Structures are given as C-alpha cells and as structure tokens.
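Working notes for the structure below.
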Amino acid sequence: MSRLLLTGAGGKVGSELRKSLNGWKDIIRVSDIANLGEARDGEEVVECDLGDKDAVMKLVEGCDIIVHLGGQSVEHSFETILNANIKGVYNIYEAARIHGVKRILFASSNHVTGFHNQETLLDAKSEFRPDSMYGVSKGYGELLARYYWDKFGIETAAVRIGYCFPRPTNKRTMSIWMSFNDFTSMIKQVFETSRVGYTVIYGASNNKQRWWDNHLSSYIGWQPEDSSEEFANDSEVLKDTPDPLHPDTKYQGGFWTSNGAWEDENK
Ligand SMILES: NC(=O)c1ccc[n+]([C@@H]2O[C@H](COP(=O)([O-])OP(=O)(O)OC[C@H]3O[C@@H](n4cnc5c(N)ncnc54)[C@H](O)[C@@H]3O)[C@@H](O)[C@H]2O)c1
C-alpha cells in the first residue's frame, strides 16, 4: 500500500494535481486548511493547519511520500508567513523524520531569486536574492530541506516554480510558465527515479525564452514537453509592452521587486 500526501490540495496548483495524481499511488491523502469537500475515489481528506505541530504529526503518519504545496503563496504579513511557511515547513520535515518519510517535493518559488536580472541565466547554485518576505520564507524552506538531507537522509527536490497557471499572461510569465501537465510529469519523475538527494529544480516548461538552466538536476531525468509559445499570440501577451528601464522589467521577480513592505501597504 503506497500513500502520497498532497498538501495545499485546495489551491490553484493543488486542485489540478489532486486530479492528475489520483490513481498514481494506492491512496492520495489530500490536505488543506480550507475545506476540500468529500473524499473522491482513492482519496483521504484531512483538514489541517500546517502551523499546528500535533495535527501535522497525525497528517504525515502512514504516508510514504509528500508533495508539499501548502502554505502562504503570495506576500502577506510576517505572522501569516511565519505560521504557514516557516513553522509549517518545519512541522512537515519534523513529522517526516519521525514517521520515516524518505522523499519530499517542496514547492519553492522563483521569488527566492527574484532580484537577479532577467538577462542572467540562473542554475541551482545561483545565489538567493529574494524579492519579498514570501521569497525569504521559501529560501528558509530550501535550507531546512538541505539540512534534513545532510543530517537525516530525507531527500528533497526543491522546485523553484515559475508561473504555474493555465496560461502565461504577459512577457515575463512567457519565460517562466510551467504547465500543470509538466509539473505532474516532474512530480512522477522525482518519485520514480532511483536517487534524488537534495536538488533544486527550476519549474518551467520548455519555453523559447528561458532564464534558468536545470543541468545540475538533469540526473533526475525530467523533460518538460509543453511550451509557452502556444500562447505567444494571446491578446493579453501581445498587449504587454514592458518599459525596459522599469525595475519590473529588469528583475526576474517582476513587480514583486518594486512592491513596498506588506506592513506599510496594509496598515
Ligand atoms: N502557482 C504558481 O505559479 C507558484 C509559483 C511559485 C511558487 N508556488 C508555490 O506552490 C504552492 C502552490 O501554489 P498555488 O498557486 O496553488 O497557491 P494557493 O494559494 O492557491 O494554494 C496554497 C494552498 O495552501 C493552503 N494554506 C495556506 N496556509 C495554510 C496553512 N497554514 N495550513 C494549511 N494549508 C494552508 C491554502 O488554503 C491554499 O489552498 C505554494 O506553496 C506556492 O508558494 C506557486
């Protein structure tokens, strides 16, 4: 009996993976702080706040592998980020250690490297240059995963997801778009390959314009098949004519780099 835990299953990406990963393992345990409705065939549904350590211990028990998508997915207050993305990731890894889970896919983000120029080709060794407190928290998740591999032998693929939505909507997301189909094939490959260790994978489809080079994780054997080019003539993409001198165009994190502090803007 094999059981996959999918956190963040109620989110934009999680609700797609909830469908595309169903049937891949004997059981998929779907979890979120939000209501996920009735369990579907092959599912167990567990409502859980990632910041609640006892609840996460129970959530992880009996699972073999974890796809960890749950958490605060855009900039927010430090308290919210602290609970979901700092305590939450710690709780997941600590529960994995206690319950003997050996491999995790952690949904990191391109926002850990958002202050690199768009002209710079990044790889898994590129320096952290977070563009937000959200990006800082994802960097913490990557470091924590690295620590749990070196110290406790729990393998992680940390995926710096670009833009995983049905379609790109502007020039920036044309470069960083990843289809749900490619994310699904990446997840299967990460858990079917013999060795992962600790690795960083940039999560983008086979787009014509690329900012990221995945050669350091090529041993995983994942090959994206889709490309944002099929959306190149969408009206939304065509009407986007970015100012080359604006920071939003200069940096990979786009408008995230020019946003002020969340606390100032939400007094
Ligand atoms: N979609 C993208 O393009 C993209 C890009 C970069 C990174 N990511 C990362 O991928 C993951 C999924 O992204 P998404 O776009 O589906 O985000 P989303 O916000 O739609 O989904 C995140 C889910 O996590 C849940 N969640 C939030 N706080 C929680 C808590 N304390 N306890 C339990 N669950 C909690 C939310 O209810 C939500 O359903 C996130 O970790 C996000 O940071 C996504």
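None of the figures in this text is laboratory data; all of them are computed from the coordinates on show. If you're wondering where the values come from, they're calculated on a predicted model, not measured in any experiment. Every residue, glycine as well, gets a Cβ built from its backbone with ideal geometry; the counts of neighbours run over all protein chains shown.
Observations
- Cross-link reach is defined here as a Cα-Cα straight distance under 29 Å, omitting same-chain residues fewer than 8 places apart; for K25 the lysines meeting it are K12, K53, K58, K87, K102, K138, K151, K188.
- Interchain or long-range residues, amide H under 5 Å from G203's placed H: R160, I161, G162
- Proxy reagent accessibility, fewest Cβ within 10 Å first, across L82, L238: L238, L82
- Peptides 247-257, 100-110 ranked from most to least packed by the mean count of surrounding Cβ atoms within 10 Å: 100-110, 247-257.
- Calculated [θ] (222 nm, deg cm²/dmol) that DSSP helices of n ≥ 4 give over the chain, each run adding -39,500 (n - 2.57): -8500 deg cm²/dmol
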